[in-house]
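Enquirer: Have a look at this one before I ask anything.
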2 protein chains.
Amino acid sequence: MFKQITILAPGLLGSSLAMAIKDHGLADKLVIWSRRAETRVKCVKKLICNAVEDNIKDAVCGADLVIICSPVDVIASIAQKTIPCLKEGCIITDVGSTKSLICRNINAVVSRHVTFIGSHPMAGSEKSGIDAADSKLFLGKPCFVTPLVETPESSLEILIKFWSELDMEVITTTPEKHDEIVANISQMPHLLASVLCSYLAAKDSNWKNFAGNGLRDTTRIASGNPELWKTIIEQNSDEILRAINGFENELQSLRSAISNNEPFEILNILERGKKYRDRLRS
Amino acid sequence: MFKQITILAPGLLGSSLAMAIKDHGLADKLVIWSRRAETRVKCVKKLICNAVEDNIKDAVCGADLVIICSPVDVIASIAQKTIPCLKEGCIITDVGSTKSLICRNINAVVSRHVTFIGSHPMAGSEKSGIDAADSKLFLGKPCFVTPLVETPESSLEILIKFWSELDMEVITTTPEKHDEIVANISQMPHLLASVLCSYLAAKDSNWKNFAGNGLRDTTRIASGNPELWKTIIEQNSDEILRAINGFENELQSLRSAISNNEPFEILNILERGKKYRDRLRS
């Protein structure tokens, strides 16, 4: 599908993506750039690409598709560094879990000879780094693609086809709508898990030995990398705060219903929650 | 270990318990009482016991151990009905996930010829009923046993041995301490999942198609039976409200940190949460 794809800054997502691209035969040549020598050595050992570069400009030279897989706070600066070296017609995208700020910052600096379109494959894990890479990480998962009104239709189609070829279900929306949706269905739920664990950490440390599967499942994502999540919060703070406020209002309703001994209102909230959960795809 | 064990009102827990007792050979005779004809037929078909009774007094007659597996709000009244029919020295227990109110109510009516001691095996599922029964449900899970000061040591030892034989890890504590612990590590987390789903139910219904594993895991327990959970809340409302308040204070800290753009405080909460979660046993 592409003569050359270049992946920049592979962590869990980037290295899993390299493996998936190889498995699906989507690139004649797959190049990886990492600033860390240790990661470059692992990429070679794991045979997940055709070339590994320590110079970012060499890495993107000749690429038809460049995918930035770094933490969200450095995506725009990596893009800015590489844009002058990209060949005419190159598509550049990213896998960051926030979109508005990234798309705004990159589109302010992008040249006419290339196209930037944001992506967010909703695949991940509480684990991180190349050692946890998994070529099947993307299978059947949703992937947001966030074009702007001025994005050329042809480039958008190519990018949608790329993610679809990896068996992802592509959703096209604006960066702003993406950020609202993801704050609600992913980032705020993650933060609730973190806050729950942070709250319980102040309790008797023996209690955690009594925890059942419920607490374990509910809090799994709280094991995610705090540094990565801090930058995600910073990049999408307005939508996350709105989602937290909405959740808190609902929690207040339950609290009042319990305080005031209102069984029908308690049941109402529990039933609404169950109905929603039962309809989540497995 | 016992000549006769009688299980009253088997749902998921009671029928799983019957299967586990059979597997471990803990009773010469296992009797089940259910008020529902459909459940009695299933008990016979599944061969999970030696006798099925539709009369509760016949079911408990001759038992050395009686285990009440009904929803928490009817445990005390079932106990009260059966106590006059129990043989001298019988131990009666339950599997309810609240303990203070149940232990208080039953000990107010228990006769001297038998001993009631509350139990709470921390095993369960978002599923319910005999069709979801699983003989391995209890393996390696915690089980609370909540004696009172006046509980005879010999009866307590027998009950602890019973749960231990099912490969459960027994924790002995007061009913009140149990309720505090479980409100924090089980009931409040369950309610957060319900409230999160209830909140999301009011959003665009397409959003749930974009959910990743994070939301799915975080909210799995929200599929639990609302009627059962409503009664659990009613029976342990004080401790649950205290736990919700504690959680809300922590959530407020995160919200302030985000609003005021305090990266170190955000990181602090995320790191405290990760450290706690990483130490939860798998």
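The numbers here are math on the coordinates, done by the rules we state, and not lab data. A quick note: this is a predicted structure, and the numbers were derived from the prediction, not measured. All Cβ positions, even for glycine, are placed from backbone atoms using ideal geometry, and neighbour counts span all protein chains on display.
Enquirer: Can you grab the distance from the C-alpha centre of the stretch B:158-211 to the C-alpha centre of the stretch B:16-61, Å, no decimals?
Expert: 27 Å
Enquirer: How big is D, in µm² s⁻¹, for the stretch B:59-105 by Stokes-Einstein at 20 °C and 1.002 mPa s if Rh is the Kirkwood radius over C-alpha pairs? Intermediate values should be presented prior to the final figure.
Expert: Numbers: Rh = 10.9 Å.
My calculation gives 196 µm²/s for D.
Enquirer: Just to be sure I understand the model, the point goes 7 Å from the Cα along the line to the Cβ. What's the resulting residue A:172 to residue B:37 distance in nm?
Expert: Each label point is offset 7 Å from its Cα along the Cβ direction, giving 6.0 nm.
Enquirer: Principal axis extents for the stretch B:178-278, Cα atoms only, whole Å, descending order, please.
Expert: Between the extreme Cα coordinates on each principal axis of the stretch B:178-278 lie 42, 38, 25 Å.
Enquirer: Using only Cα atoms, what is the ratio of the radius of gyration of the protein assembly as shown to 2.2 N^0.38 Å? Could the numbers behind the result be given before it?
Expert: Details: Rg = 27.9 Å, N = 564, 2.2 N^0.38 = 24.4 Å.
The protein assembly as shown yields a ratio of 1.14.
Enquirer: Could I ask something else about it? State to the nearest 20 debye the size of the charge dipole of the protein assembly as shown about its Cα centre, where the only charges are +1 on K and R beta carbons and -1 on D and E beta carbons.
Expert: Values: 66 positive and 68 negative charges, 197 e Å.
Taking the Cα centre of the protein assembly as shown as origin, the dipole is about 940 debye.
Enquirer: What FRET efficiency comes out for the pair residue A:127/residue B:245, r = Cβ-Cβ distance, R0 = 30 Å, nearest 0.05?
Expert: Numbers: r = 33 Å, r/R0 = 1.11.
Here the calculated transfer efficiency is 0.35.
Enquirer: Continuing with the same structure: Cα extents of chain A along the three principal axes, largest first, in whole Å?
Expert: Here the Cα extents, ordered largest to smallest, are 67, 43, 29 Å.
Enquirer: Convex hull volume of the Cα atoms in the stretch A:224-282, per residue, in Å³?
Expert: Details: hull volume 7.0 nm³, N = 59.
Per residue, the Cα convex hull of the stretch A:224-282 comes to 119 Å³.
Enquirer: Using R₀ = 60 Å, calculate the FRET efficiency as 1/(1 + (r/R₀)^6) where r is the Cβ-Cβ separation of residue A:29 and residue B:55; round to 0.05.
Expert: On the way: r = 78 Å, r/R0 = 1.30.
According to the calculation, E is roughly 0.15.
Enquirer: Mean residue ellipticity at 222 nm from the helices of chain A, using -39,500 (n - 2.57) per DSSP H segment of n ≥ 4 over the full residue count, to the nearest 500 deg cm²/dmol? Can you show the working numbers first?
Expert: On the way: 12 runs with 132 residues, N = 282.
When only DSSP H runs of four or more count, the value is -14000 deg cm²/dmol.
Enquirer: Also, quick follow-up: What residue among B:211, B:76, B:133 shows peak mean-square fluctuation when chain B is described by a Gaussian network model with Cα springs under 10 Å?
Expert: B:211
Enquirer: Right, another one. Which helices, counted as full DSSP H runs in chain B, have an axial Cα extent of no less than 15 Å and a Kyte-Doolittle average of 0.5 or above? Each step should come with its number before you reach the end.
Expert: Values: long enough: B:12-23 (16 Å, 1.00); B:153-165 (18 Å, 0.13); B:188-200 (18 Å, 1.38); B:237-259 (32 Å, -0.25); B:263-278 (22 Å, -0.92).
Long hydrophobic helices here: B:12-23, B:188-200.
Enquirer: Determine which lysines satisfy two conditions relative to residue A:46: a Cα distance under 19 Å, and not lying fewer than 8 residues away in the same chain.
Expert: Cα-Cα hits under 19 Å: A:22, A:29, A:127, A:136.
Enquirer: Looking at chain A as a GNM with Cα springs under 10 Å, which of A:33, A:163, A:207 has the largest mean-square fluctuation?
Expert: The residue with the greatest mean-square fluctuation here is A:207.
Enquirer: Another question, if that's okay. Show the residues, 5+ positions off or on another chain, whose built amide H is closer than 5 Å to the amide H of residue B:171.
Expert: Hits under the 5 Å cutoff: B:143, B:144, B:145.
Enquirer: What FRET efficiency do you get for residue B:256 and residue B:112 if R0 is 56 Å and r is their Cβ-Cβ distance, rounded to the nearest 0.05? Mind showing how you got there, number by number?
Expert: Values: r = 57 Å, r/R0 = 1.01.
Calculated value: 0.50.
Enquirer: Nearest 20 debye, what's the magnitude of the dipole of chain B about its Cα centre given +1 on Lys and Arg Cβ and -1 on Asp and Glu Cβ?
Expert: Working: 33 positive and 34 negative charges, 134 e Å.
Using only the charged Cβ atoms, the result is roughly 640 debye.
Enquirer: Then there is this: To make sure I understand the rule: partners must be aspartates and glutamates, Cα under 16 Å from the Cα of residue B:208, and not fewer than 8 residues away in the same chain. Which ones qualify?
Expert: Here the aspartates and glutamates satisfying the reach criterion relative to residue B:208 are A:169, A:179, A:180, A:278, B:217.
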